[in-house]
Amino acid sequence: MTYRAPLLMSIALGLSGCASPAIPTLGFSELQLPRVDVFNYAIPDRSIPTEPYTLTPAEADLIKSTLSAAYKDGRVLRFGPISARRSADNSLVVCGLVDVPTATGTYTGMSLFDGSSRRQDDGTLAFEPRRIAGRNAPSMDVYIGCRDAGLI
């Protein structure tokens with residue numbers, strides 16, 4: 001009986017130390033991905049100087065509709081965050097996330113895409129999609145292109 005209280009006290013103290021710490025949350029805008037040069041050994045840094053650019057909702061909609069129009073079979077693309085940076089020649093480098101369904105309509109997860117935009121003579125923006133990771137280009141190539149432009 002006299003050993004029960006110290007035993008229960010030590011068990012309670014031992015279990016109180018088992019509480020897990022709070023898991024931090026991290027948004028896409030705060031995410032800093034590492035420079036992964038797995039396939040680019042002995043290649044110099046190809047990053048291009050760019051400055052931050054905030055897309056307007058109309059510009060983001062134009063990018064989404066242009067990329068969606070590339071799929072003539074009526075697939076509905078789902079989009080994640082889209083970012084842009086202005087390069088020295090005043091064009092925009094654009095990278096973002098898109099979920100392209102298979103021909104059967106199954107969504108397989110977000111993939112990184114890139115492209116470029118340029119202002120036309122009438123002031124409107126024209127977007128030209130370039131690559132989608134895992135679709136028409138290796139994932140690492142799209143990642144490196146977006147990283148070198150300062151977008152991720």
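Throughout, read-outs are computed from the coordinates displayed, never taken from laboratory work. Every value quoted in this text rests on a predicted model; they were computed, and no experiment measured them. Don't worry about glycine lacking a Cβ; one is built from the backbone with ideal geometry, like all the others, and counts go over all protein chains shown.
Before moving on, here are some points about what is shown:
- Per-residue ³J(HN,Hα) for the stretch 49-59, Karplus 6.51 cos²θ - 1.76 cosθ + 1.60, θ = phi - 60°, Hz, x for Gly and Pro: x, 9, 10, x, 9, 9, 6, 6, x, 5, 5
- Amide H contacts under 5 Å for Ser111: Val98, Asp99, Val100, restricted to partners 5 or more places along the chain or on a different chain, H placed in the peptide plane at 1.01 Å from N.
- Calculated from backbone phi, Karplus (6.51, -1.76, 1.60) coupling profile of the stretch 65-77 in Hz, x at Gly/Pro: 5, 5, 5, 5, 5, 5, 9, 6, 8, x, 5, 9, 8
- Taking chymotrypsin sites (Phe, Trp or Tyr not before Pro) across the stretch 46-152, the ones in a DSSP loop with at most 13 further Cβ atoms lying within 10 angstrom of their Cβ are Tyr71, Tyr107.
- A simple rule links phi to the HN-Hα coupling: the Karplus curve 6.51 cos²θ - 1.76 cosθ + 1.60 with θ = phi - 60°, which for the stretch 141-152 gives 5, 5, 4, 5, x, 5, 5, 5, 7, x, 8, 9 Hz, with x for Gly and Pro.
- Relative contact order computed over the stretch 46-148 (Cα-Cα under 8 Å; 6+ residues apart), in percent: 22
- Dipole magnitude of the stretch 46-148, debye to nearest 20 (Cβ charges: Lys/Arg +1, Asp/Glu -1, about Cα centre): 240
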